[in-house]
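First, the structure itself, so that you have it in front of you.
Coordinate-derived values only; no laboratory data. Owing to the predicted nature of the structure, the values given are computational and were not obtained by experimental measurement. Quick reminder, even Gly has a Cβ in these numbers, built from the backbone with ideal geometry, and neighbours come from all protein chains shown.
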Amino acid sequence: MTTTDPGTTLDLPSHLATSASEVPITEFELALHHITEAFSHWAVELNSYVSGATLPVQDVSVLQVVRMRDRPKSATEIGKYLNREDAANILYSLRKLERCGLIEKVGNAPRQIAYRTTPLGRDVTDRYAAMRRDILLNLIGSLSEPDEMLHSVTKSIWLLAGLYEQAARKVSIMGFMPRNVRAVHASPAVHVSDARSEEVEPGSRSRKRSSGRGSRKVARGG
């Protein structure tokens, strides 16, 4: 898929950009979606090429963080590196990487367990870094003043990341306020389960239940 300039694809005006002042941030968010997906495609393809294993980008990122600075890291540290709070999913990724032979545990006590790369994991991450250097960094190096450009972009992204985190905390706090003092934009809660139940045709629910019981019996019998 060819990534295009968001400014040429964004249909304006939209509900996210009703005025000229809202256009820049809306275009930035669209570009953010594009670069997030592009990075995911790149990391997954590169890791698959150097390791022979197709892992989701979350696992690839966890593996690279474990290797960083060549020192063991706990699941909590890994979450901080990646700005993730989904501890259960991080532990799941760590278990998968461990089963693949790419990382291993260090320590026995529950709160002292850390993870480090195995010889296989170091070999895979070394080859990942080498191909990243040969392909991606060469492409970036062909740009005009790439170091200055990356420094400026990185600085801006860190600044905006802080603002998004601040905005997220504000919305989170608003969720604990009584509904009568919340912001004017708050609306009655939408229950996904209720919305789905309204779409179920009369009589179909009982058929699904009977079908589910049948499938469970097949699974046990198989």
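Calculated FRET efficiency, Ala130 and Leu16, Cβ-Cβ r, R0 35 Å, to nearest 0.05? Mind dumping the intermediate values first?
Working: r = 41 Å, r/R0 = 1.17.
Once the sixth-power term is evaluated, E becomes 0.30.
May I pose another question? Listed highest first by mean packing, meaning other Cβ atoms within 10 Å per residue, what order do 73-86, 14-27 come in?
The peptides rank, most packed first, as 73-86, 14-27.
Now, a different point. How much length would be gained if the chain were fully extended between Leu30 and Met177, taking 0.36 nm per residue of separation minus their Cα-Cα distance, in nm to one decimal? Write out the running numbers ahead of the final one.
Values: separation 147, 0.36 × 147 = 52.92 nm, distance 3.11 nm.
Here the answer is 49.8 nm.
A further question on this structure: Based on the mean of other Cβ atoms within 10 Å per residue, sort peptides 132-141, 49-58, 89-98 so the most packed one is first. Write out the running numbers ahead of the final one.
Details: 132-141: 11.6, 49-58: 15.2, 89-98: 17.6.
Highest to lowest by the protection proxy: 89-98, 49-58, 132-141.
Relative to the present Cα-Cα distance, how much length would full extension add between Phe39 and Asn89 at 0.36 nm per residue of separation?
Values: separation 50, 0.36 × 50 = 18.00 nm, distance 1.98 nm.
Contour length minus Cα-Cα distance gives 16.0 nm.
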